[in-house]
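Below you'll find the structure, written out as structure tokens, and then a few comments.
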Amino acid sequence: MSKRIDYLIVGQGIAGTLLAWFLEKAGQSFMIIDNDFADSSTNIAAGIINPITGRRFVKSWMIGDLLPFAKKTYEEIQDYLELPVYKEMEIIRYFQSNVEGNNWITKTSYEEYEQYLSSKKLEQDLSTIINNSGGYGIVHGAKVDLRILIKYYQLHYQSKGQLQIDTFDHSALQVDEDKVIYKSIEAKKVIFCEGYSACRNPWFKHLPYESAKGEVLLIKIPNFKTPYIIKKNQFLVPVGEDVYWFGSNYEWEDLTNTPTPSGRAYLEERLADILKVDYEVLDHMAAVRPVLKDRRPALGLHPEHDAIAILNGMGTKGTSIAPYWADRLVRFLLGEEGLNGEVDVRRFAYG
Ligand SMILES: Cc1cc2nc3c(=O)[nH]c(=O)nc-3n(C[C@H](O)[C@H](O)[C@H](O)COP(=O)(O)OP(=O)(O)OC[C@H]3O[C@@H](n4cnc5c(N)ncnc54)[C@H](O)[C@@H]3O)c2cc1C
């Protein structure tokens, strides 16, 4: 006998997890199938929410809508879990040149940037630890502990019988006009949240992927504690007792999850440029970010099958953007609102 539900979600990274959160809030029934891949993009990410990007310090796309929504969502989840997963943090941006320093001064004079930037003096003196010749500015950011969030929800949905740890077999999916059948599950729709692996999904391999591998070092800097995220090209992010996440680079050819000697050499070179003190490498990891050519997410219904949907293309900023777009997708699926053409997966030619 088959189990009948509203939605079948494939993939429990940050996209699938938040989708489940909003579906649950909307009273919808669902099952998740996830293969528990330790090196998924979500598991390797630092979880930084950074409203300002690039050397010109430009506000990220739609950040005025995305950031407050992300904050509200993670704080609600945090209250529900009774686990500290969301933390506002200052990002110290060290300038690499006079041009950058001047760009910063210009941006801090704009009223619309006031809530994101600050030029105040740091409370902690970092000068014995960090190489800094060019000055710095402060960006008001945040960090989400994605690993804890994902792990908690994995256990939570498993205990409720709503999560199967398995690899989804696309060839076993039967697609009808108004439903899908997968083994013993019958659902109104399947929603694929497979991250980078969607490039192998027979219904969505036509999307213009430009996914990018990133390598990361987990390092220990003895006797160094700081409340700040430090950015000087790469990010140095405190994750626990003297332990820091350091990354990352961008690689578009080798889309494996294998850390490489050249990736490590690159990161260690960057570390030598930032740190004045010794460190110990604890781990070296790699994952692939699900990026689309136009750098926008992709959500909504398959161009030919209304029973198939997707939430993907979280790119380099899944932590900031997934809450808003997961919520928008749920509202769309429930017929409450339309989809912004800029993110609708149907913007890509199919067939
Ligand atoms: C090095 C690095 C650093 C990053 N740092 C940040 C950061 O600081 N801030 C930020 O916002 N973003 C960051 N990102 C980007 C961020 O990780 C992504 O935007 C986001 O995590 C993507 O989430 P997702 O759920 O779409 O995909 P994923 O995290 O890839 O999740 C997809 C899930 O689906 C599962 N899956 C796939 N196919 C199948 C199948 N057939 N059957 C079963 N399960 C399947 C996968 O195993 C995985 O669990 C970083 C990425 C990298 C690589």
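The values are calculated or read from the model by the stated rules, or taken from the named source; none is laboratory data. Note that the structure is predicted; figures quoted are calculated from it, not measured. Glycine gets a Cβ as well: all are built from the backbone with ideal geometry, and neighbour counts include every protein chain shown. For accessibility, only protein heavy atoms count, side chains too; no ligands or nucleic acids. Shrake-Rupley method; radii C 1.70, N 1.55, O 1.52, S 1.80 Å.
What do you reckon, is HIS156 without any contact (Cβ under 8 Å) to a residue 40 or more places away in the chain and more than 12 Å from the ligand (Cβ to nearest atom)?
Against the criterion (without any contact (Cβ under 8 Å) to a residue 40 or more places away in the chain and more than 12 Å from the ligand (Cβ to nearest atom)), HIS156 qualifies.
In region 261-297, which residue that is part of a loop (DSSP other than H, G, I, E, B) and away from the ligand (no atom under 16 Å from the Cβ) is most open to solvent (accessible area, probe 1.4 Å)?
ASP278
Name the residues in region 1-58 that are closer than 30 Å to GLU112 by Cβ, small (Gly, Ala, Ser) and more than 7 Å from the ligand (Cβ to nearest atom), would you?
GLY54
Residues of region 298-340 being farther than 21 Å from ASN201 by Cβ, assigned to a loop (DSSP other than H, G, I, E, B) and among the charged types (D, E, K, R), which ones?
Hits for region 298-340 are LYS317, GLU336, GLU337.
Can you give me the number of residues within region 306-332 that are more than 7 Å from the ligand (Cβ to nearest atom) and more than 13 Å from ASP344 (Cβ to Cβ)?
Looking only at that region, the number is 10.
Within region 148-172, how many residues turn out to be of a type in the set (A, V, I, L, M) and open to solvent by less than 20 Å² (accessible area, probe 1.4 Å)?
Count: 3.
Test ILE105 against the stated conditions and say whether it is free of Cβ contacts under 8 Å to residues at least 24 places away in the same chain and either under 22 Å from the mean Cα position of the chain (by Cα) or away from the ligand (no atom under 16 Å from the Cβ) (or both).
yes
Going by the structure shown, is LYS189 surrounded by 20 or more Cβ atoms within 10 Å (Cβ to Cβ), touching a residue at least 40 places away in the same chain (Cβ under 8 Å), more than 27 Å from ALA286 (Cβ to Cβ) and more than 13 Å from the ligand (Cβ to nearest atom)?
Yes.
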